[in-house]
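Report on the following structure.
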Amino acid sequence: MKRRADFLRIAASGLRRSTPAFLLQAAAATTPDEGVRVGFTCSRKVGNAIARNRAKRRLRALVDQVLGGVKTAPLDYVLVGRTEALTRDFAAMAAELRQALTRVGQPKGRSPGAAPE
């Protein structure tokens, strides 16, 4: 994804999961037949341009590795990199992304098999 409007639409959807290295945001895909679309962004809090680009490269590699093996709903995703994305263990980030992808559409605070209250 490259258009600002897509990033804003996904941020406004309210579907998100937080991890130490990134924030995963999701929204219903505008064109489900196009496949999964992913956008990447990092604020200046992460560091200078070199650090931000490195964080985004790590997140891109992470998505390339993880999304191939995970069944996801037809959603558009945005990964917002955090400072921890520069130094966190790649395997730990992969596990966190897998978990975030499976839980992004579920309400917070409930386990997947919990009975409704």
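The values are calculated or read from the model by the stated rules, or taken from the named source; none is laboratory data. In this text, all values refer to a predicted model and were calculated from it rather than measured experimentally. All Cβ positions, even for glycine, are placed from backbone atoms using ideal geometry, and neighbour counts span all protein chains on display.
Listed values, structure above:
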item	result
Residue match in the range 32-39 (condition: among the aliphatic types (A, V, I, L, M) and out of contact with any Pro (no Cβ under 8 Å at 6 or more places or on another chain))	yes
Qualifying residue in the range 6-15 (condition: within 17 Å of T102 (Cβ to Cβ) and among the β-branched types (V, I, T))	no
Complete set of residues in the range 1-44 that are among the small types (G, A, S) and either in a helix (DSSP H, G or I) or more than 9 Å from V78 (Cβ to Cβ) (or both)	A5, A11, A12, S13, G14, S18, A21, A28, A29, G35, S43
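Yes/no per residue for (1) within 13 Å of the chain's Cα centre (by Cα); (2) at pLDDT 90 or above:
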{"position": "A12", "(1), (2)": "no, yes"}
{"position": "A21", "(1), (2)": "yes, yes"}
{"position": "P32", "(1), (2)": "no, no"}
{"position": "G35", "(1), (2)": "no, no"}
{"position": "V38", "(1), (2)": "yes, yes"}
{"position": "V46", "(1), (2)": "no, yes"}
{"position": "V63", "(1), (2)": "yes, yes"}
{"position": "A73", "(1), (2)": "no, no"}
